[in-house]
Structure formats: C-alpha cells, structure tokens
Amino acid sequence: MSQPILNVRGLVKRFGGLLATDHVDITVNPGEIHALIGPNGAGKTTLISQLMGELKPNEGTIEIDGRTVDGMPTARRVSLGLARTFQITCLLPDYTVRDNVAIAVQIRQGHSFRFWGDVRRENALAEEASTYLGTVGLDGRADELVANLSHGEQKQLELAVALATKPRLLLLDEPMAGLGHVESQQMIEILSGLRSQVSMLLVEHDMEAVFALADRISVLVYGRVIATGTVDEIRDNPEVRTAYLGEGDELC
Ligand SMILES: Nc1ncnc2c1ncn2[C@@H]1O[C@H](COP(=O)(O)OP(=O)(O)OP(=O)(O)O)[C@@H](O)[C@H]1O
C-alpha cells in the first residue's frame, strides 16, 4: 500500500492542565476522505491547528507524504500541499468573489499580497480563479462582492480559495456549519466530486455528511482517538455511541 499523505503519531497538546490532544495517532491515505468526529471541545480544531503549524505540539510527530514537518512554519507546510478551511469563514468581504480566489492563486505563485493592485489586470490569474469557482459552483457569482454572498456561498468560496493553493491534503473544519439542507447537499456533492483530486481530513458534526463522504472515521473524545474505522464499524461501535452521543442515542 502507498504511504499515507498524512501520518500523525503520538500528538500531544496541553493547555495548562488540560490535555486537548492526548497521544493522537491518525493517518489519511491518498485519495481518502477521513472524517474526524467528536463532541464539542474534543480537540478537533486544536488538532487541525497543530497540523497546519499554527499551534506547537508538546509531543509527537507529523509527517506529510513521508516527510517530517515538526517545527516547520505554516507557509512551508502549505507549499508541501496542506490547506485548511475554517469553522468561521476567513474571506475578504470588500473584494469580489473572483478577486478572493485570484489573490490565493497569486500568493501560491510566490507573490506577496501587497502586489494585489496587479491582480485585476492579470487575465491568467482571473482565468485560473474562474476554474476553481466553477469547481465549487460559484462561476455565476464571480463579480459579486463577498459581503453580498449567502453563508453557504461563502463556505463554497472558502473551499475555492483553499483549492487555489493546489493542496494534496485539505483540512476541512466544519464545512457544513450553518448550512441549510439544500446547501449541505450541494457541499456534499462538491466535496464528493473532489475526492479524486485531493485527500481530505473532514472535521464535521453533520453526521449525514460524514456518512455520505467518509471512507474512514476517527472519533475523538477528550483529546483521545477512541475508535477508527469504516462508516459501518463506527456506526455499530458501542463505545462510540456511549461516549459520543450518550447511552440510547443512535448514530443515524
Ligand atoms: N488557546 C487555548 N487555550 C486554552 N484552552 C484551549 C485553547 N484552545 C482550545 N482550548 C481548549 O481545548 C479543548 C479543545 O478545544 P477545540 O476547540 O480543539 O475542540 P473542538 O473539538 O474543535 O470543539 P468544537 O466542536 O466545539 O469546535 C477545549 O476544552 C478548549 O476549551
């Protein structure tokens, strides 16, 4: 079997006396969507922040495509193919949809944000940006200001911005958060369509989305991975039911 695109071993993060990440082992294989679920405060966002290099672990090691990235700054991890989306969108509201993606393309190409004035004149940037907007179903909204987008459209745009960095592994922090049913279905379709292009670690509370998308699921409780398995294995796991949902509840 080919080596994992992400290999995390024994990752520990302490906030004072709180063990937010408790010796976490997790892998994401090429082409895999690996969902990470768990109750509020389980440590999911803390884990993603450590993968991106935004938070320094106390112990453990992280490999991307067989390469140890411990101590590497975020920008170098991005250049190795890591990208994240956020629970709360992180976009430039006063710029157009296309410009938000074009800026990400420009930064990927090694230009600094301060050369932003050139972006509008750069047709190649705009064309590449349009490709990513097409992938997430926003091609018809390219000239709209971000501030005028619905919450669901902003989530789609954030995904396009992440794709513009040409990631090999996408870290998705609750892409369904705040979406209505129709928008969630749309996001599921978009992510499903991306699975041949990019591996994903999907942090999500929406179990319908998790079950529709995940090849494997890991369950995090109080910072510890209590189970990893296929959708069926996790759905039928009594420890998961008890720890995650409480006795008697169903993972539906
Ligand atoms: N910077 C910080 N300083 C101190 N404690 C923190 C910090 N960041 C997170 N925590 C704590 O670490 C634990 C894990 O938080 P985290 O946000 O990673 O959980 P989560 O699983 O992402 O939760 P949610 O599903 O609500 O987003 C929580 O108890 C949280 O209060």
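Just the residues that are at pLDDT 95 or above, over 17 Å from Ile62 (Cα atoms) and within 12 Å of the ligand (Cβ to nearest atom), please, taken from the range 17-36.
Those that are at pLDDT 95 or above, over 17 Å from Ile62 (Cα atoms) and within 12 Å of the ligand (Cβ to nearest atom): Leu18, Leu19.
How about the range 21-32: which of its residues are under 17 Å from the mean Cα position of the chain (by Cα) and either surrounded by fewer than 24 Cβ atoms within 10 Å (Cβ to Cβ) or not in a strand (DSSP E or B) (or both)?
Within the range 21-32, Ile26, Thr27, Asn29, Pro30, Gly31, Glu32 meet the criteria.
Exactly one of these conditions fails for Asp65: (1) modelled with pLDDT of 95 or more; (2) more than 12 Å from the ligand (Cβ to nearest atom); (3) on the phi > 0 side of the Ramachandran plot. Give me its number.
(1)
With respect to Asp70, is the statement that it is at pLDDT 95 or above, within 15 Å of the ligand (Cβ to nearest atom) and acidic (Asp, Glu) true?
No, not satisfied.
So, Gly10, is that one of a type in the set (Gly, Ala, Ser) and part of a loop (DSSP other than H, G, I, E, B) or not?
no
If you go through the range 167-183 one residue at a time, do you hit one that is surrounded by fewer than 23 Cβ atoms within 10 Å (Cβ to Cβ), on the phi > 0 side of the Ramachandran plot and outside the structural domain of Val101 (by TED's automatic domain parsing)?
Yes: the range 167-183 contains one or more residues that are surrounded by fewer than 23 Cβ atoms within 10 Å (Cβ to Cβ), on the phi > 0 side of the Ramachandran plot and outside the structural domain of Val101 (by TED's automatic domain parsing).
Scan Gly43, Gly60, Gly10, Gly66 and give me the residue that is buried (at least 19 other Cβ atoms within 10 Å of the Cβ) and touching a residue at least 12 places away in the same chain (Cβ under 8 Å).
Gly43
The values are calculated or read from the model by the stated rules, or taken from the named source; none is laboratory data. Source: prediction; values computed, not measured. Don't worry about glycine lacking a Cβ; one is built from the backbone with ideal geometry, like all the others, and counts go over all protein chains shown.
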